[in-house]
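Remarks on the structure that follows.
The values are calculated or read from the model by the stated rules, or taken from the named source; none is laboratory data. Being a predicted model, the structure only gives us computed values, none of them experimental. When we count neighbours, we look across all protein chains shown, and the Cβ atoms used for this are built from the backbone with ideal geometry, even at glycine. Surface areas here come from the heavy atoms of the whole protein model, side chains and all, with no ligands, DNA or RNA. Shrake-Rupley method; radii C 1.70, N 1.55, O 1.52, S 1.80 Å.
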Amino acid sequence: MRPNPSLRLLLQQGLQARRAGQLVAAQMAFTEVLKRHPEQPDALLMLGELAQSQGRLAVAEEFCARAVKADPLQFYAWARRASLLEDLGRPVDAERCYGKAAELRPDHAESLYNGARLLRQIGRTVEAEQSLTRALLAGPGSPTLHAQMLQLRAMLEEEAGQLELALATIEQAIELAPGRAALHHNRGVLLQRLARPTEALAAHDLALQRGLVAADAHYNRGNSLQSLGRSVDALLAYRRALSLDPLHALALYDIARLRWRLGEADFSAELDAAATLAPHSAVAPGIKARLLLRAERYVEAAEAFTHAAALGATVAGYFDGLGQSLSRLGRHDEAGIAYRRAIELAPDQSATHLSHASGLLQAGQIAQAAQVAQHAVRLSPLDQQAWAVLGLAWRAGGNPQEAWLNDYRRHVKVFDLAPPPGWDDMPTFNRALAEWLYQLHTDAQAPIDQTLRHGSQTMGNIFEQSHPLLEQLKGQVAEAVNRYVAYLGSLTRDDAHPLLGRHSNHWRFTDSWSSRLRSSGFHTPHVHPHGWISSCYYVALPEAIGTDGAASAAGWISFGAPDIAVPDCDLSAQLAVEPRVGRLVLFPSFMWHCTVPFNDVQPRLTVAFDLIPLG
């Protein structure tokens, strides 16, 4: 409805007062309009803007909601309401309003971009990509907006694992907006993920020079410093992140892990300080509890999880961790209460059921454990840990399906690799590889959250590092993996089996690392939850490595013994493989495996990786 002259005059007076900064007069004029015409859309919008300028976001959003109801074809009203809803923490509703705005103005790149940004935030990445493509086709607009759109595209590409493509996209954005600090930060994160820490550090430094003030900026800079072996500087960077955000969970976690690896007894000092600073937050106690659990300090872990659960009573993970700690202490009744609470809070998470199944096994309740583990597998069919626990329950209960699952002789295969092109023999190649790998092992002790004991492990994906020796190793490894995959393909396909049912001739590496065990070193029994096929490649071995063929032979890799004990059940190793320099052992990721300790002044050096099928 078009306003009558008196209403138009009042609107003009209100707008003039708004432009002159006379906010009280503007509000009086627009309020008078609404007295005469309660749903006049322009007055509603202007009152919404005034409320927003005063920080009254909820009131502002109510005015905008009325405006779009009064005039649903007004583009600006939808866009304004979307912005307010986003500020109010309602991204789903905000995205819907940006979508309405884009319907009214299909060529409005900013609305399409904002919609894409929120679609990514709420996890609808395919639609986010589609909306962003439309935004880019609508026209770049200003260089700043174009750079923002390219930044979002790089984020989507990164999340899809297209790291090189994402790096190229973010560099295009930097050409458009070289002064935008966040773009340099994003470039640093990508370079770090691409195992280019020197360039990543330079990018993070440039982001800080451009004025970026954010805890993430210092945290990610700390990660690059860690990769470069500059532990002291990394600690300073993490502490700078915590000075900006004392409850930055990743910084708290990584500074504790780094200080543990450096052999510092008070590794949890920053966690304790954060807990004191924010006594009502469960963040720091929860992180400390998880680390203590991985360090096998179960009494302290149980105390920390109890504290975290009291503060975060709706977080399933705290009760899950408490149950795990209590199970390890043999306090099975208390553990059961904690597991059941975790499942009440997260009934659809396979991890909670899986922990419960493991706890039931430790309590000797084998049949019930098998039922719970089976449910965990149904919830997450690709979770290798779930299959491992289910297989353990089958074995403890005498179920023949355990042999169907593991079949150690058929599923574990050994490949003695040929020397890469340009090398006369494998001993010479591996000596050169070992000399380079030793430079990466600088920690005083093993990571707190890994299965390694008495040794060190490299950080990040080692196969992502650009080094000629690694590239040559990858080539030989890939040839052996292809032979193993072809062998699996020759077996009878079994869609119900977690190894044979996922068969594909196309695959990719996921995680990769190097482990260096010193005297008395070993790996505790474990599986690789997110893999399909796992491995161990032997680079250098001490003379003490056993050769008697027994499952207890020093330094050998053994299969079948789990990380828990089940009352009245013999769960000893079922197969052991002798290490040899240049030997690659491939096996299913769900299979329990560990390393037998050895005693020798010379270390045991390996490279390992996981891979998953494609297609």
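For the chain, the longest principal axis of the Cα atoms and the long axis of helix 163-176 meet at an angle of about 30 degrees. The C-alpha radius of gyration of region 425-580, expressed as a fraction of 2.2 N^0.38 Å, stands at 1.15.
For the peptides 96-109, 419-432, the ranking by packing is 96-109, 419-432, with the highest mean count of neighbouring Cβ atoms within 10 Å listed first. The residues packed around His353, meaning those with a beta-carbon under 15 Å from its beta-carbon, carry a net charge of -1 if Lys and Arg are +1 and Asp and Glu are -1. Scaling the Cα radius of gyration of region 1-76 by the globular reference 2.2 N^0.38 Å produces a ratio of 1.01. In loop segments of region 300-347 as defined by DSSP, there are no trypsin sites (Lys or Arg not before Pro) with at most 14 further C-beta atoms inside 10 Å of their C-beta.
Packing-based ranking of 46-59, 490-503 yields 46-59, 490-503, ordered from highest to lowest mean Cβ neighbour count within 10 Å. Against the set (1) 25; (2) 54; (3) 33, the structure's computed percent of Cα pairs over 44 Å apart falls on (3). Take every Cα-Cα pair in region 510-615 and report what % of them are more than 23 Å apart. The answer is 25 percent, as a whole percent. Working ranking of peptides 115-123, 141-149, 387-395 by packing, defined as the average number of other Cβ atoms within 10 Å per residue, highest first, is 387-395, 115-123, 141-149. For helix 23-36, what angle does its Cα long axis make with the longest principal axis of the chain, in degrees from 0 to 90 and rounded to 10? Here the helix axis deviates by roughly 80 degrees. Based on DSSP H segments of at least four residues, each scored -39500 (n - 2.57), the chain has a per-residue ellipticity at 222 nm of -18500 deg cm²/dmol.
Distance from the C-alpha centroid of region 442-456 to that of region 158-210: 30 Å, rounded to the whole angstrom.
Helix 109-121 sits at what angle to the longest principal axis of the chain, using alpha carbons and giving 0 to 90 degrees rounded to 10? Relative to the chain, helix 109-121 is tipped by roughly 40 degrees.
Centre-to-centre separation between the Cα atoms of region 384-439 and those of region 270-347: 34 Å.
Computed in the context of the full set of protein chains, the accessible area of the chain at 1.4 Å probe radius has 52% of its extent on carbon or sulfur. In the context of the full set of protein chains, residues of region 249-337 present 43 Å² of accessible surface per residue (probe radius 1.4 Å, heavy atoms only).
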